[in-house]
1. Which peptide among 122-133, 84-95 comes first, and what is the full order, when sorted by highest mean count of other Cβ atoms within 10 Å?
2. On alpha carbon coordinates alone, what is the Rg over Rh value for the stretch 34-139, Rh being the Kirkwood radius?
3. If you place +1 on the Cβ of every Lys and Arg and -1 on the Cβ of every Asp and Glu, how big does the dipole about the Cα centre of the stretch 34-139 come out, in debye to the nearest 20?
4. Would you mind calculating the gained length between Thr60 and Asp120 on full extension (0.36 nm times residue separation, minus the Cα-Cα distance), in nm to one decimal?
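Where a number appears in this text, it was derived from the coordinates with a stated rule and is not lab data. The model shown is predicted, which means the values in this text are computed figures rather than measured ones. Don't worry about glycine lacking a Cβ; one is built from the backbone with ideal geometry, like all the others, and counts go over all protein chains shown.
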Amino acid sequence: MAYALQERCSTAELRRRAPEFIGSAIRGTRCGVGVKDDLLSDFKYVYPGLSRPEVERLLTLLDQSASTEASMGLSIATAVKPIVPDIAGRIESYGAGDVDEYVRMLRDAAVLLLAQWQTDGQPPAADAVADRVAALDAES
């Protein structure tokens, strides 16, 4: 398995973390990482830098785009870019089917995050929310 990955990605590329996301398109491959893995890794990296109003705005934008087709991935990416430019880049890198899945899971994550975030309190831990998102997605 490792040999097959090394044919597509160098060892340095396989080990690289932030500021690039795990599973980002490297020479046109995804290096075996799925959309769910992308979202969970992105969420842990991006969410802690967002304020509650930014998460609320992101959710509003995702709700507005829920009725759009996957071919509108570029529009979704453009809409969320001012709030989460790295997420916008991820969406732009996907094909139509992956855009739908990623946006759906991102919306679920934002809803869950806001449900756990006390209006006047500290935000919940990113790892805890990501674990709940993973469990929620596994149920559906």
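1. Put in order of decreasing packing, that is 84-95, 122-133.
2. 0.94
3. 260
4. Stretched out fully, the Thr60 to Asp120 stretch lengthens by 19.6 nm.
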